[in-house]
1. Using only Cα atoms, find the angle between the long axis of helix 32-45 and the longest principal axis of the chain, and express it within 0 to 90 degrees, rounded to the nearest 10.
2. Restricting the calculation to Cα positions, tell me the Rg (one decimal) and the Dmax (whole number) of segment 150-206 in Å.
3. GNM on the chain, C-alpha springs below 10 Å: top fluctuator among G174, G162, G73?
4. What ranking do M115, M44 get, fewest neighbouring Cβ atoms within 10 angstrom at the top?
5. Label points 7 Å out from Cα along the Cβ direction at E12 and K121: separation in nm?
6. Exposure proxy check: E165, E26 ranked by fewest other beta carbons within 10 Å?
7. Would you please report the Å³ per residue occupied by the convex hull of the alpha carbon atoms in the chain?
8. Give me the one-decimal nm value for the distance between modelled label points at L61 and E26, 7 Å along each residue's Cα-to-Cβ direction.
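Every read-out reported here was derived from the displayed coordinates using simple, explicitly stated rules and does not represent laboratory data. It should be emphasised that the depicted structure is a prediction, and the values quoted were computed from it without experimental measurement. Cβ placement follows ideal geometry from the backbone for every residue including glycine, while neighbour counts extend to all protein chains displayed.
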Amino acid sequence: MKLSQTLQNLLEEHGGEPLRIGNILEQTGEQGFGILCGLLIIPMLIPVPIPLAGLSTILSLIPFLLGLQLLLGYQKPTLPKRLMDIALSPKVSSIMLSGLSRALSPLEHLAQPRMKRISQKRTFQRLAGFCMAWNALLMGLPLPIPFTNLVPAYAILALIIGILELDGLFILLGYALTTATTVFFATLAGAIWLLVLKVLNVLGVG
């Protein structure tokens, strides 16, 4: 079943009632890695500043944990009870599920099972898990710079599609975007460090 169809089923089954994180994992099984990560990065995929300070850090926690589980070879995702009991209001869950479905729908037409040596090999899936965790970590940094979470969010999205659709090309795209994200944040860190040194020099410190 296509991921977008799974999301539609969740919308129909839980319309008008709170949607627990635990319900999503219970009903999606192995797909829970991708569905839950995709659901929580939806706010990051929109190129507008996040209105609530610290929201990106909160939303990136679960994708980080699920990425680590993929890296460690977990067959199904699991989370601490406190996180499993988090419930999204009917309005929020509807917006997020619909948003993820819209984001995935055009990409699903491009995705297909291919490059099976990559998409079905545990080594590459574990590497994808590492990339997901790494991107989630970068995405969650509380930086006061707009749109810094956009690139890692799209890297996670590419990895999710590659894993769920068994598409090695999308997994490779996720690897490439992870590399680009790492270079971007390294460059940003270097620029911030140089700025700090310049300010300290102006102040006569150091």
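1. 50
2. Cα radius of gyration and Dmax of segment 150-206 are 17.7, 57 Å respectively.
3. Comparing G174, G162, G73 in the GNM, the peak value goes to G73.
4. Ascending number of Cβ neighbours within 10 Å: M115, M44.
5. In this crude label model, E12 to K121 measures out at 3.9 nm.
6. Taking fewest neighbouring Cβ atoms as first place, the list is E26, E165.
7. For the chain, the hull spanned by Cα atoms encloses 132 Å³ per residue.
8. That separation, rounded to one decimal, is 2.2 nm.
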